[in-house]
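S.K.: The structure follows.
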Amino acid sequence: MKFTWVENDQKVNADYELRFVLNDKIENCPDRETLEMLGFKDGSICDLPEARRVYVSLKDTAPETLRLGIAKVMNALKGHKIKTIQMQRLISSAAQGGTGAALKEMQNALAAVAEGFTLAAYSFDKYKKEADKCGIKEVFLSVTGCDKETAESALKRGRAIAEATNYTRDIVNEMPQVYTPEKMAADSEKLAEEYYNVKCEVFGKDYLKEQGMNAFLAVNQGSPHEPRLIHLYYRPGGRYQGKICFVGKGLTYDTGGLSLKPGTSMYHMKSDKGGAAACMGIIKAAAELELPFEVHAVLGATENAIGGKSYKPDDVLKARNGVTIEVNNTDAEGRLVLADCLSWAQDMVQPDMIIDLATLTGACVVGLGDYTAGIIGNNYNLQMDFKKGSALSGENYTILEFNDHLRPLINSDVADVKNSVPGGMGGALTAGIFLDKFINEDYKDKWLHLDIAGPAFSSKAWGYNPVGASGAGVRGCAYFMISKEV
Ligand code: BES
Ligand code: ZN
Ligand code: ZN
């Protein structure tokens, strides 16, 4: 989708016009009478095809209000064969002051507009005969209180973040037959080819053995597809402000293994690669935005399948860092893959901060619902920092805190730890406590675990997310990094 700047709100020859109604105020609308008759009110959307105009009411011009308002419009216009739309000039209340903060607010609003359109236009329809594609190719817009150059760079930022999110959505939505660990490695290599400052290294089974990554390898045992450890990284050309490493759970399919999932819980487990796919999107966004950080992604890609070679409950695994793990449930596999990937990433990448993303626990979905991810870790200040820094992204995150009563629940009678707490409450936190066993002393305060099991995939559409993958994690982490830029 293209965003074209219009000088002074001039009328262009677009197929349709989009008008925002702030706080219910319809006095100055050209279609006031019609809107009144139709009972247009707060929260409404009104499509007037004869006038070729659509109205949407907004309570303010905050980024998330804009994204959601635009999504409503895009859904309403889906059946129309519109190619271009002109958006009414955006006037942010704060931007009228002309201060630096006001300008920032306008830039955030513009980025959100680009995100709203780009995210809401997404559909995964490669396997459908009749695609339900949005036809809008170009959006004309102007704003007050911001020059063309500044506006265009804000729009570019929003578009880049949303396109990276859509890229992640495509990966997560792809079926398990096609999206194997080899395919994830091939896509990562392709990403490195597209950006001169992104590099990719791929490691196979032999390397994992050499590295003693036996927890990761155990999960892979039952699958006909070889595992892949993928290391993608972006190096900035100019300013350098630190090194951040994202670690992603890349379960290309999670059957549960021998602790097999029941059918209804297994359905949609193609989404269990959501963490790794988000890391790929984050690298893409970092490269597009030319962020001043070295950004690494370490992906653990494997399937959790059943077969004669599958690992079993009662197996004891020795992880890369030497910690022994009693397996009591093969469905708690993500933490095993992450255990070795986290250990590898700390030693090999030596970042200033390490953040893992994973569709890790059903417990997190039960606790937080479908729209919120958990921020887990030892360092409350870092958790707060992520929460605040990601706030403009529109993604929902909430902090979950460890406590010392939970820690011994993963103690095992036969090994250093066990991989799940039977009948255990607080599953999102005990999974985090398990991961903490693979965090080196010097990284305890530099690590965050994001459990995105809730928002990564949905069987119903919400906001600007269609049915299926949302691309959860990409926008939150991109905005977090932007917030750290000095
Ligand atoms: N991939 C699942 C978690 C999940 C559940 C993601 C629902 C998305 C939606 C994970 O590997 C898993 O199966 N976790 C188990 C852990 C349990 C055995 C301790 C779970 O949450 O039930
Ligand atoms: Zn599982
Ligand atoms: Zn899983």
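The values are calculated or read from the model by the stated rules, or taken from the named source; none is laboratory data. The structure presented is a predicted model; accordingly, all values stated were derived computationally and were not measured. In this analysis, Cβ positions are derived from the backbone assuming ideal geometry, glycine residues included, and neighbour counts consider all displayed protein chains. Just so you know, the surface numbers come from the protein's heavy atoms only, side chains and all, with ligands and any DNA or RNA stripped out. Shrake-Rupley method; radii C 1.70, N 1.55, O 1.52, S 1.80 Å.
S.K.: Using only the Cα atoms of the stretch 411-458, what do you get for the radius of gyration and for Dmax, in Å?
M.R.: Every Cα atom of the stretch 411-458 included, Rg and Dmax give 12.9, 39 Å.
S.K.: Show me the helices of the chain, taken as full DSSP H stretches, that run 24 Å or more along their long axis by Cα and average 0.5 or above in Kyte-Doolittle hydropathy. Let's see the in-between values first.
M.R.: Working: long enough: 100-120 (30 Å, 0.64); 148-173 (37 Å, -0.80).
Length and hydropathy pass: 100-120.
S.K.: Here is the link list: K387/K437; K11/K128; K205/K312. Which ones come out longer than 31 Å on Cα distance? Let's see the in-between values first.
M.R.: Working: K387/K437 24 Å; K11/K128 37 Å; K205/K312 19 Å.
Over 31 Å Cα-Cα: K11/K128.
S.K.: Nearest 5 is fine: what % of DSSP beta bridges in the chain come out antiparallel, could you say? Kindly include the intermediate steps, with their values, before the conclusion.
M.R.: Working: 26 of 72 bridges.
Antiparallel bridges make up about 35 percent of those DSSP assigns within the chain.
S.K.: Can you list the HN-Hα couplings for the stretch 199-207, worked out from phi with the Karplus curve (6.51, -1.76, 1.60; θ = phi - 60°), rounded to whole Hz and with x for Gly and Pro?
M.R.: Ordered by residue, 3J(HN,Hα) equals 10, 9, 10, 10, 10, x, 4, 4, 5 Hz.
S.K.: Taking all protein chains as present, what is the carbon and sulfur share of the accessible area of the stretch 210-332, in % to the nearest whole number, probe 1.4 Å? Please list the in-between numbers first.
M.R.: Details: 1950 of 4080 Å².
Here it works out to 48 percent.
S.K.: Pull out a ≥ b ≥ c, the square roots of the eigenvalues of the alpha-carbon gyration tensor of the stretch 294-338, then state rounded if a/c is under 1.5, prolate if not and a/b is larger than b/c, and oblate in the remaining case.
M.R.: Working: a/c = 2.73, a/b = 1.49, b/c = 1.83.
Verdict is oblate for the stretch 294-338.
S.K.: Write down, largest first, the equivalent ellipsoid semi-axes of the stretch 386-486 in whole Å, where each equals the square root of 5 times an eigenvalue of the alpha-carbon gyration tensor. Walk me through the numbers on the way to the answer.
M.R.: Numbers: eigenvalues 174, 76, 21 Å².
Working through the eigenvalues yields semi-axes of 30, 20, 10 Å.
S.K.: Let me ask something else. Give the accessible surface of the stretch 315-459 per residue, rounded to a whole number of Å², with probe radius 1.4 Å and ligands, DNA and RNA excluded. Mind dumping the intermediate values first?
M.R.: Values: 5350 Å² over 145 residues.
Roughly 37 Å² per residue, with all protein chains present.
S.K.: Among K83/K156; K41/K129; K129/K199; K199/K309, which pairs are too far apart, with a Cα-Cα distance over 32 Å? List each step's numbers first, then the result.
M.R.: Details: K83/K156 20 Å; K41/K129 38 Å; K129/K199 37 Å; K199/K309 34 Å.
Too far apart for the 32 Å limit: K41/K129; K129/K199; K199/K309.
S.K.: Residue by residue through the stretch 447-456, which ³J(HN,Hα) values in whole Hz follow from phi under the Karplus form 6.51 cos²θ - 1.76 cosθ + 1.60 (θ = phi - 60°), with glycine and proline marked x?
M.R.: Working through the residues one at a time gives 10, 10, 10, 9, 8, 9, 4, x, x, 4 Hz.
S.K.: Mind ordering 204-211, 120-127, 468-475 by average Cβ neighbours within 10 Å, highest first?
M.R.: Working: 204-211: 14.4, 120-127: 17.2, 468-475: 29.1.
Packing proxy ranking, top to bottom: 468-475, 120-127, 204-211.
S.K.: Further question: Taking amide H positions as placed 1.01 Å from N in the peptide plane, with prolines and chain starts having none, which residues 5 or more places from N378, or on another chain, fall under 5 Å of its amide H?
M.R.: Answer set, sorted by chain and number: W447.
S.K.: Using a 1.4 Å probe on the protein heavy atoms only, what accessible surface does E193 show? Give it in Å² to the nearest 10.
M.R.: E193 has an accessible surface of roughly 150 Å² with all protein chains in place.
S.K.: Apply the a/c threshold of 1.5 to the C-alpha gyration tensor of the stretch 373-445 and tell me whether it is rounded, prolate or oblate.
M.R.: Cα axes put the stretch 373-445 in the prolate bin.
S.K.: Separate question: When 1/r is averaged over all different Cα pairs and the result inverted, which Kirkwood radius in Å belongs to the stretch 3-89?
M.R.: Numbers: mean 1/r = 0.0746 Å⁻¹.
This gives a value of 13.4 Å.
S.K.: With just the Cα atoms of the stretch 55-144, tell me how far they stretch along each of the three principal axes, in Å, largest first.
M.R.: 51, 21, 20
S.K.: What size of dipole, in debye to the nearest 20, comes out for the chain about its Cα centre when the only charges are +1 on Lys and Arg C-beta atoms and -1 on Asp and Glu C-beta atoms? Working shown, then result.
M.R.: Values: 55 positive and 63 negative charges, 157 e Å.
Dipole of the chain, to the nearest 20 debye: 760 debye.
S.K.: So who's got an amide H within less than 5 Å of the one on G248, skipping anything under 5 residues away but keeping other chains? H placed 1.01 Å off N, in plane.
M.R.: Close amide H contacts, sequence-distant or interchain: V298, L299, G300, L357.
S.K.: Explain nothing, just the number: relative contact order of the chain, from Cα pairs under 8 Å at least 6 residues apart, as a whole percent. Walk me through the numbers on the way to the answer.
M.R.: Details: 1104 pairs, mean separation 73.1, N = 486.
Worked out over the chain, it gives 15 percent.
S.K.: Take the Cα pairs of the stretch 310-365, get the Kirkwood Rh, then feed it into Stokes-Einstein at 10 °C and 1.306 mPa s and tell me D in µm²/s. Mind showing how you got there, number by number?
M.R.: On the way: Rh = 12.7 Å.
The estimated diffusion coefficient comes to 125 µm²/s.
S.K.: I've got another one for you. Please pull out the direction-averaged projected area of the chain, using the convex hull of its alpha-carbon atoms, in nm² to one decimal place.
M.R.: Values: hull surface 94.8 nm².
The number I arrive at for the chain is 23.7 nm².
S.K.: Sorting D340, D31 by accessible area (1.4 Å probe), largest first, what list results?
M.R.: Numbers: D340 0, D31 20 Å².
Ranking D340, D31 by accessible area, largest first, yields D31, D340.
S.K.: Still on this model: When you count, for each residue, the other Cβ atoms within 10 Å and take the mean per peptide, how do 57-68, 242-253, 259-270 rank with the highest first? Each step should come with its number before you reach the end.
M.R.: Working: 57-68: 20.1, 242-253: 26.8, 259-270: 14.1.
Highest to lowest by the protection proxy: 242-253, 57-68, 259-270.
S.K.: Which cross-chain or sequence-distant (5 or more) residues have an amide H under 5 Å from the amide H of Y122, H modelled 1.01 Å from N in plane?
M.R.: Amide H neighbours of Y122, under 5 Å, 5+ apart: none.
S.K.: Given Cα pairs under 8 Å that are at least 6 residues apart, what percent is the relative contact order of the stretch 237-337? Could the numbers behind the result be given before it?
M.R.: Working: 181 pairs, mean separation 38.5, N = 101.
With pairs under 8 Å counted, the relative contact order is 38 percent.
S.K.: Return the carbon/sulfur percentage of the accessible area of the stretch 62-140, one whole number, probe 1.4 Å, all protein chains in place. The partial results should precede the final answer.
M.R.: Values: 1980 of 3630 Å².
Percent of accessible area from carbon and sulfur atoms in the stretch 62-140: 55.
S.K.: Count the DSSP beta bridges whose two residues both fall in the stretch 351-486, then state the antiparallel fraction as a percent rounded to the nearest 5. Don't jump to the answer; show the numbers that get you there.
M.R.: Working: 6 of 17 bridges.
About 35 percent, rounded to the nearest 5.
S.K.: So with the 1.4 Å probe, I'd like the accessible area per residue for the stretch 1-158, rounded to whole Å². Walk me through the numbers on the way to the answer.
M.R.: On the way: 8170 Å² over 158 residues.
Value returned for the stretch 1-158: 52 Å² of accessible area per residue.
S.K.: Of the DSSP beta bridges with both residues in the stretch 237-346, give the percent that are antiparallel, rounding to the nearest 5.
M.R.: Details: 3 of 14 bridges.
If we restrict to bridges inside the stretch 237-346, about 20 percent are antiparallel.
S.K.: Further question: Going by a ≥ b ≥ c, the root eigenvalues of the Cα gyration tensor, does the stretch 266-325 fall in the rounded group (a/c under 1.5), the prolate group (a/b larger than b/c) or the oblate group?
M.R.: Details: a/c = 4.51, a/b = 1.78, b/c = 2.54.
It is oblate, given that a/c is not under 1.5 and a/b is not larger than b/c.
S.K.: Take the solvent-accessible surface of the protein heavy atoms, probe 1.4 Å, and return the percent of it on the stretch 344-486 that carbon and sulfur atoms account for.
M.R.: On the way: 2800 of 5520 Å².
C and S fraction of accessible area: 51 percent.
S.K.: Going highest first, how would you order 33-39, 410-416 by mean Cβ packing within 10 Å? Intermediate results must be reported in sequence, preceding the final value.
M.R.: Numbers: 33-39: 12.6, 410-416: 14.1.
Packing order, densest peptide first, comes out as 410-416, 33-39.
S.K.: Explain nothing, just compute: Karplus ³J(HN,Hα) = 6.51 cos²θ - 1.76 cosθ + 1.60, θ = phi - 60°, for every residue of the stretch 315-330 in order, whole Hz, x for Gly and Pro.
M.R.: 5, 10, 10, 9, 6, 3, 8, x, 5, 9, 10, 7, 7, 10, 7, 6
S.K.: Now a separate question. Using alpha carbon centroids, what distance separates the stretch 172-209 and the stretch 317-395, in Å?
M.R.: Taking the Cα centre of each part, the stretch 172-209 and the stretch 317-395 sit 21 Å apart.
S.K.: Once you keep just the Cα pairs under 8 angstrom separated by 6 or more residues, what percentage relative contact order results for the stretch 278-329? Please report the intermediate quantities before stating the final value.
M.R.: Numbers: 32 pairs, mean separation 12.3, N = 52.
Averaging sequence separation for qualifying contacts and normalising by length gives 24 percent for the stretch 278-329.
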